[in-house]
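J.: First the structure, then my questions, so here it is.
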Amino acid sequence: MNEHRAVWTTLAELLQRIEKGIETDTTAKTGGDGLAQLEQEIHKLGKTQFKANTLAAEQAGHLAKAVELLEEQQRQLQVAIPQLVQAQVTAAHREWLMALLPVLDGLDHAISSGERYLRRRDLAATVPNLTPEQAQLVSPADRAMLAGWLEGLQLLRERLLALLEAEGVTPIPTVGELFDPYRHVVVATTTEGATEPGRIVAEERRGYCTAEAVLRFAEVVVYKPARPDNSSFPPLA
C-alpha cells in the first residue's frame, strides 16, 4: 500500500513540473533536459511499481495457501468429530455391557448354590426318623418355596442374557472345546478324564464376546496328560 502511494505521489509531482515547464515556455534545451529527467523518473517508477506488484503477488499466493490449509483442516475436523463422538459412545456402551457381567455371575452362583442345596434337601428328606423340626425343614411347602425362588432367578438370568444377546453379546463356549488363547484363559490343568490334550473340561468363570471383540475371557480348566513314568527304564550307561 505504501509503495503504491509513493508511485502516485511521484507521478503527480512530475505532472505538475511538466505543466509548469509548459506554462513558463522554457527553452528547447531545457525542455529536452526535462524530458530526459522525466524518462529517468518514469523508469525508476516502473521498477518500483514492478517490485510492488511482485510483492503483492507473493502475498496473495501466501494468503491463498493459508486459505487452502484452513479449508483442509476444516474438512478433517468434519470427518474426525463424528468419529470421536462415535468412539466415545462405543466406549460408554462397552462399559455398560461390562457392568452387567458381574450381575450375571452373581445369578449363576446363586442358582448353582440353590440347586445344590435343593438336592441335599431332597436327599435329607429320605432319612427315616426325622425330628419334627427336621421334618418341617424338608417339608413339601418348604421345597416349593425354594424351587419358586430358583425359578425366579432363572427367569431373571434369561432376561439378562436376552438383553445381552440383543446387543450382540454371547457367552463363549468352553467345556468340550479346544483351548483358544484368543477367547480362553487357563486357570488350572487336570490329568483326570482322558481326552484330547488341550480340551476344556471345566469352566471356572464364563466369558462373553461380541462379533468384534472379547468383552471378558473365559476362565477354564484344560486337560493335560500326565508325564510318563520313566522310573522303570534302566539307567543310562
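J.: Which numbered condition in (1) within 24 Å of Leu100 (Cα to Cα); (2) in a strand (DSSP E or B); (3) not aromatic (Phe, Trp, Tyr) is the only one that Ile200 fails?
T.: (1)
J.: Go through Gly152, Gly176 for me and flag whichever is in a helix (DSSP H, G or I) and out of contact with any Ser or Thr (no Cβ under 8 Å at 6 or more places or on another chain).
T.: Gly152
J.: Would you check if Pro181 is loosely packed, with under 11 Cβ neighbours inside 10 Å and either outside the structural domain of Glu196 (by TED's automatic domain parsing) or outside any helix (DSSP H, G or I) (or both)?
T.: Yes.
J.: If you scan the range 116-134, which residues turn out to be loosely packed, with under 14 Cβ neighbours inside 10 Å and either in a helix (DSSP H, G or I) or among the hydroxyl-bearing types (Ser, Thr, Tyr) (or both)?
T.: The answer is Arg116, Tyr117, Arg119, Arg120, Asp122, Leu123, Ala124, Thr126, Thr131, Pro132, Glu133, Gln134.
The values are calculated or read from the model by the stated rules, or taken from the named source; none is laboratory data. The structure presented is a predicted model; accordingly, all values stated were derived computationally and were not measured. A quick note on method: Cβ atoms are made from the backbone with ideal geometry, for glycine too, and the neighbour counts reach across all protein chains shown.
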